[in-house]
Amino acid sequence: MKFIIAQILGAIGYSLLAYSYFKKKKKEILFIQILAYIGFTTHYYLLNAKSGTVCNILGFIALILIYLFSNNEKKKKILVLILIPLLIAMSFLSYENIFSIFPVFACLITFISFLSKDENKIRFIGIISALCWLIYAIIYMSYSAIIFEIIIIISTIIAYIKNKN
C-alpha cells in the first residue's frame, strides 16, 4: 500500500510541476512548484530513497527562497553559495549506495544553473539533471518519475536543438 501511495504522490507532484509551466506569472509558477516538491519529497521518502528525499527537501527550500527573493540577483547568488555546501554535507549524511550520486549531482548542477542567464545552458543542464533523476528513478522503481523524466528529456532536447542558434 505504501508503494502505491508513493507512486500516486509522485504522479501528483509531476502533474503539478507540468501544470506550473502553463501559468503566466513567475510567482504562480514557483508556488505550484513548491507544492510539487512536497509531493516529490514524500514520494521518495515513502520509497525509502534517502538521497532523493534530501535533494527534494533542498529543492523545496531553494524554491521557497527563490519565491521570496526572485527579483534579487545578489540574494540568488548567496542562496546558491549556501545551498551547494549544504547539499554536499547532506549527501554524505544520506548516502545509501553509488546511485545516491545521481540526485546529488542533478541538484548540484540545477543549483548552479540558477546563476545562468543563458536559457540554452539552462536547458542543457536540465537534460543532464533529468538523465540523473531517470537513473535514480529506475533504481528506486519510481514509475511516475521514470515516465516524467523521459518526457522531460525528450521535450528539453527538442527545445535545446530548436533554440541552439
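The values are calculated or read from the model by the stated rules, or taken from the named source; none is laboratory data. None of the values given here were measured: they were computed from a predicted structure. Methodologically, a virtual Cβ is constructed for each residue, glycine included, from the backbone with ideal geometry; neighbour enumeration extends over all protein chains shown.
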All but one of (1) assigned to a helix (DSSP H, G or I); (2) of a type in the set (A, V, I, L, M, F, W, C); (3) farther than 24 Å from residue 5 by Cβ hold for residue 115; which doesn't? (1)
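A quick yes/no check of all residues on (1) at pLDDT below 90; (2) buried (at least 17 other Cβ atoms within 10 Å of the Cβ):
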position: 105; (1), (2): no, yes
position: 123; (1), (2): yes, yes
position: 134; (1), (2): no, yes
position: 137; (1), (2): no, yes
position: 142; (1), (2): no, yes
position: 151; (1), (2): no, no
position: 156; (1), (2): yes, yes
Residue, nearest to residue 110 (Cα to Cα), within segment 25-60, restricted to residues that are in contact with a helix residue (DSSP H, G or I) (Cβ under 8 Å, 6 or more places away or on another chain) and assigned to a loop (DSSP other than H, G, I, E, B): 49
Taking residue 80 as the residue in question, decide whether it is touching a Ser or Thr at 6+ places or on another chain (Cβ under 8 Å) and either part of a helix (DSSP H, G or I) or at pLDDT 90 or above (or both). no
Within segment 1-24, can you find the residues that are among the hydrophobic types (A, V, I, L, M, F, W, C) and in a helix (DSSP H, G or I)? 3, 4, 5, 6, 8, 9, 11, 12, 16, 17, 18
Among (1) within 15 Å of the chain's Cα centre (by Cα); (2) surrounded by 18 or more Cβ atoms within 10 Å (Cβ to Cβ), which single condition is residue 84 missing? (2)
